[in-house]
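S.K.: Just passing along the structure, written as structure tokens.
The values are calculated or read from the model by the stated rules, or taken from the named source; none is laboratory data. Predicted model only: the values in this text are computed from it and were never measured. Because the Cβ atoms are built from the backbone with ideal geometry, glycine has one as well, and the counts that use them run over all protein chains shown. What goes into the accessible areas is simple: the full protein's heavy atoms, side chains included, and nothing from ligands, DNA or RNA. Shrake-Rupley method; radii C 1.70, N 1.55, O 1.52, S 1.80 Å.
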Amino acid sequence: MEATPRATPARVRGYVVCVTLGALFCLHTLPTTPTPWWAPALLAALYAGGAWLSGSFYPVLLAGAFLLPPSAAALVAVPGALIAPVAGRPDPLRRVWRAAQLVIAVWVAARVHWALGEHDAVQASDFPYALAPAGAAVLAFCLVLTALDGGILKLADRVPARRAWRGLFLRSLAPVAVHGLAGLMMAVLWRSPYGPVAALLVLLPMCVSWWVFAQYHRERAAHQATIRALVQAVDIKDGYTRGHSERVGQATMMIARELGMADERVEVLRFAGILHDVGKLGVPTRLLRKDGPLTPEERRVIELHPEYGHEMVRGISFLGEARAAVLHHHERLDGSGYPYGLAGGQIPESARVVAVADAFDAMTSNRSYSRARPVPVALRELEKCAGSHFDPRMVTALVRAVEQQGWHPAVTADETCVPPPRPPVPSTPDAHR
């Protein structure tokens, strides 16, 4: 059964409406200088084609900001933003949001460029002098994009304000600056005796770069599809834990963000949470679905699943430290865990994060051997076992994250099965199955 997509919160829709009204204000002002209609039309067509292929084509937008009056430059972004493919639902709202965001960013960039460049720095000034207003315009473009992105991130994902904008500007500045340089080269050639046709040549090397980058993303998407297939196989095999992998991935991500880890590492740890139980594919189904306690022999078989999982994922190079988390997520701080009985700092940090996320979801979900506990009860149990079973830093981070954001797991797997009555809940929160 497919999960129903979550409705867009009213606060997000309101934010998008406000940004859209701002974009309409930017577009309503007519250019104060004569502008041939074919110039914005040609740039808009170029941007639409590039956006359809790559998702973004900032050199064309920034070239428009250097060449055209602000309202005409802002118009260049509209067709491409409305037709470019977007991820997730609802598509119309995302397209409107993207178009409005780009309209405002280009309009501000063009205003800054015209104010500092005396309306046409590209044509009227020496080329070195043109770098100053162009650089200021690129900086303004980047600032507007990151400011608006941070706002939508805070409202849509309920990310705390201190983290919503952190790092966004610095991460986007370098690529936007490269796009800005290409846009400036386009504008200079456009105004030169060679004309607009020569300006198009600037896009050729960038198109090659985007093609190479797209190949990388396709390869990464293939890896992620493989990961998803493995997780779905585990969900099918162990019906009572269906959706567990996704929830652990989400809890792992919450802990990592609360600890202040970089976004790239947060993503790797999310993969670790999603894949932590993939080794269950090597465990007999009758043990995974058994009602009641396991015998010592059955427990030894179950405890092999981290090693099975590590063997399955160790060839996926981009997983990095996630592979260690798959192998060691059942180790305990006091050395009583498995498969190798590591203790304290011997346990990789990634595994200590996943261990807390795994135990938390195991306690708050119905399993074949226990009923779900309320979230506050599960958090108290984790705090009780902090220092012996779990790393206290990870437990504290999860408690803070749940207090600030709540626990609203986004799960796409079918969770319609309701388990029959179970034996008493085990006293330890470590999930063996």
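S.K.: If a residue must be in a loop (DSSP other than H, G, I, E, B), open to solvent by 40 Å² or more (accessible area, probe 1.4 Å) and in contact with a Lys or Arg (Cβ under 9 Å, 6 or more places away or on another chain), how many such residues does region 317-345 contain?
M.R.: Step one: of region 317-345, the residues in a loop (DSSP other than H, G, I, E, B) are 320-321, 329-343.
Restricting the remaining residues to those that are open to solvent by 40 Å² or more (accessible area, probe 1.4 Å) gives 321, 334, 336, 340.
Okay, now just the ones that are also in contact with a Lys or Arg (Cβ under 9 Å, 6 or more places away or on another chain), so 321.
Final tally of qualifying residues: 1.
S.K.: Checking the conditions here, which among T412, T396, T416 is of a type in the set (S, T, N, Q), open to solvent by 40 Å² or more (accessible area, probe 1.4 Å) and modelled with pLDDT of 90 or more? Walk me through how you get there before you give the answer.
M.R.: Details: T412 fails: modelled with pLDDT of 90 or more; T416 fails: modelled with pLDDT of 90 or more.
That would be T396, the only listed residue that is of a type in the set (S, T, N, Q), open to solvent by 40 Å² or more (accessible area, probe 1.4 Å) and modelled with pLDDT of 90 or more.
S.K.: Can you tell me which of (1) in a helix (DSSP H, G or I); (2) at pLDDT 90 or above is the one A214 doesn't meet?
M.R.: (2)
S.K.: Please work out if W190 is surrounded by 16 or more Cβ atoms within 10 Å (Cβ to Cβ), at pLDDT 80 or above and either more than 19 Å from the chain's Cα centre (by Cα) or among the hydrophobic types (A, V, I, L, M, F, W, C) (or both). Before the answer, list the steps.
M.R.: On the way: surrounded by 16 or more Cβ atoms within 10 Å (Cβ to Cβ): yes; at pLDDT 80 or above: yes; either more than 19 Å from the chain's Cα centre (by Cα) or among the hydrophobic types (A, V, I, L, M, F, W, C) (or both): yes.
So W190 passes the test.
S.K.: Can you work out which of the residues in region 310-339 that are modelled with pLDDT under 90 and of a type in the set (A, V, I, L, M) is farthest from F271 (Cα to Cα)?
M.R.: Among them, the one singled out is M312.
S.K.: Counting only residues that are open to solvent by 30 Å² or more (accessible area, probe 1.4 Å) and modelled with pLDDT of 90 or more, which one in region 346-373 is farthest from the chain's Cα centre (by Cα)?
M.R.: Of everything passing the filter in region 346-373, Q346 is farthest from the chain's Cα centre (by Cα).
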